[in-house]
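*Asks:* Structure provided below as structure tokens; questions to follow.
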């Protein structure tokens, strides 16, 4: 998701990598970085006092035992007392696709690129990182009968499960749910039995690289959004709300259902129908980082917000 049209410039001016903060904010505890005017210290959030000496140009939350910091453009790693585990050096710092507790440092040595990885949880260095294979593709897919309607096939057996009869098929999910549309939208299973009646006029969802990655969807009728858990459709809708969430997957806050936008402000809808007490100029896709008036906050499970960086 884009950072917000006018806010891309703000991202580039922040004295830290917002993407890394988004991914590591889930580890936030009682020793936290706090920044203002381009400098960071670590504080004890229970006392509000500095946890140890040390001023940094950028600083990220501790991932259990260690944290990545930046000093004079160099990346390093400290422990929970501020002691250097890896002294700052010139490198590019990235996180792997899945394991956000692994820090990968890349630097040019003798005209060749070297890679050094560090497990922030165990405080152990590694020579390299083994990248995970991509997930396998779906077993089922929808097909079109010439210029006519859509149906569903099993890719492995090349067997037709649902004969072509729908104007649209929005997705085939791991649970066996098939999101279809004729005049209206509803859900059937792979036996073409109706699970959710075809009586909705709009849909909101968010999945991964394949439609089967989606778990929660929203269907609209009569000015109300009804949210369904595709892994447990027998329970019916899990929430009815006037709020249309544009993100329904991957939120890290406890009991968060999705992120919605009203006017120019963003908020989080929870499974009990409640929302955050404050709406923000921007909220990250995982629901952990929010920005208001240039100030950056880490959102907590109790719906409070920690001021991570003050403009």
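*Asks:* Does residue 258 meet the test of being within 22 Å of residue 23 (Cβ to Cβ) and within 20 Å of the chain's Cα centre (by Cα)?
*Replies:* Yes.
*Asks:* Same structure, new question: Looking only at residues in region 269-301 that are part of a strand (DSSP E or B), closer than 12 Å to residue 28 by Cβ and touching a residue at least 24 places away in the same chain (Cβ under 8 Å), which one is nearest to the chain's Cα centre (by Cα)?
*Replies:* The residue in question is 289.
*Asks:* Of (1) in contact (Cβ under 8 Å) with a residue 12 or more places away in the chain; (2) surrounded by fewer than 17 Cβ atoms within 10 Å (Cβ to Cβ); (3) under 19 Å from residue 43 (Cβ atoms), residue 304 satisfies all except one. Which?
*Replies:* (1)
*Asks:* May I ask you to say which residue of 176, 186 is at pLDDT below 85 and not assigned by TED's automatic domain parsing to the domain that holds residue 66?
*Replies:* 176
*Asks:* Give the residue, chosen from 294, 258, that is farther than 18 Å from residue 171 by Cα, outside the structural domain of residue 97 (by TED's automatic domain parsing) and surrounded by fewer than 22 Cβ atoms within 10 Å (Cβ to Cβ).
*Replies:* When all the criteria are applied, what remains is 294.
*Asks:* Same structure again: Considering only residues of region 207-242 that are more than 29 Å from residue 100 (Cβ to Cβ) and in a loop (DSSP other than H, G, I, E, B), which is modelled with the lowest pLDDT?
*Replies:* It comes out as 236.
*Asks:* Since residue 253 meets every condition but one in (1) surrounded by 21 or more Cβ atoms within 10 Å (Cβ to Cβ); (2) part of a loop (DSSP other than H, G, I, E, B), which condition does it not meet?
*Replies:* Of (1) surrounded by 21 or more Cβ atoms within 10 Å (Cβ to Cβ); (2) part of a loop (DSSP other than H, G, I, E, B), only one is false for residue 253: (1).
*Asks:* Another one. How about region 95-124: which of its residues are surrounded by fewer than 17 Cβ atoms within 10 Å (Cβ to Cβ) and at pLDDT 85 or above?
*Replies:* Correct list: 121, 122, 123, 124.
*Asks:* Another question, if that's okay. With the requirement that a residue be within 25 Å of the chain's Cα centre (by Cα) and surrounded by fewer than 17 Cβ atoms within 10 Å (Cβ to Cβ), what does region 66-92 give you?
*Replies:* Matches in region 66-92: 92 only.
*Asks:* Here's something else I'd like to know. Taking region 84-106, which residues are outside any strand (DSSP E or B) and touching a strand residue (DSSP E or B) at 6+ places or on another chain (Cβ under 6 Å)?
*Replies:* Correct list: 90, 91, 96, 101.
*Asks:* Here's a follow-up. Restricting the search to region 58-83, which residues are under 25 Å from residue 311 (Cα atoms) and not in a strand (DSSP E or B)?
*Replies:* 60, 61, 62, 72, 73, 82
The values are calculated or read from the model by the stated rules, or taken from the named source; none is laboratory data. Quick caveat: nothing in here was measured; it's all calculated off a predicted structure. When we count neighbours, we look across all protein chains shown, and the Cβ atoms used for this are built from the backbone with ideal geometry, even at glycine.
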